[in-house]
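The values are calculated or read from the model by the stated rules, or taken from the named source; none is laboratory data. Owing to the predicted nature of the structure, the values given are computational and were not obtained by experimental measurement. Ideal geometry is used to build each Cβ from the backbone, glycine not excepted, and the neighbour counts take in all protein chains shown. Just the protein is used for accessible areas: all its heavy atoms, side chains included, with ligands, DNA and RNA removed. Shrake-Rupley method; radii C 1.70, N 1.55, O 1.52, S 1.80 Å.
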Amino acid sequence: MAKHNNVDFSLGDTTLISKDTHITGDLQFSGNLEIEGKITGSVVSSDDGGKVRILPTGHVTGDIHAPTAVINGRIDGNIYSSEEIHLASDSFVDGNLYYVLIEIEKGAQMNGTFVYQPNQDDLKVLESPVETND
């Protein structure tokens, strides 16, 4: 899969949630995550360089917590990003965006508020809601 603008998904480990997969529950990942299927629950990056991409058939019902998020599909929830969010022309977001940098393509649909958070102190909302049992 090609990179989207300046976000390169070819580097690092990548996990793919395929088109016919439906996950119910919170998902914590590291590296890159590409979603073609459906997730009902929060999607949380466990590292500072985590990238999530929702492909056109992808649908997340829950919040996304990741440094970088590229949305081509549907999100019913908030997106919390400490780096950048890209809303592609096919995207639909029903929730709020918490961002440092944002790119919105013509045709993207957004129902919610934009909250600009340039300071690291404001990014406390990015703290992971998923508990780990290490």
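Table for the structure above
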{"read-out": "Filtered residue count, segment 14-38, keeping only those that are open to solvent by 50 Å² or more (accessible area, probe 1.4 Å) and aromatic (Phe, Trp, Tyr)", "value": "0"}
{"read-out": "Hits in segment 39-52 - residues which are open to solvent by 10 Å² or more (accessible area, probe 1.4 Å), not small (Gly, Ala, Ser) and not in a loop (DSSP other than H, G, I, E, B)", "value": "40, 51"}
{"read-out": "Pairs, first under 16 Å from residue 68 (Cα atoms) in segment 6-26, second assigned to a strand (DSSP E or B) and at pLDDT below 65, C-beta under 9 Å, six or more apart", "value": "none"}
{"read-out": "Segment 93-102, subset of a type outside the set (Gly, Ala, Ser) and closer than 16 Å to residue 117 by Cβ, residue surrounded by the most Cβ atoms within 10 Å (Cβ to Cβ)", "value": "97"}
{"read-out": "Unique match (being open to solvent by 10 Å² or more (accessible area, probe 1.4 Å) and touching a Pro at 6+ places or on another chain (Cβ under 6 Å)) among 63, 90, 76", "value": "90"}
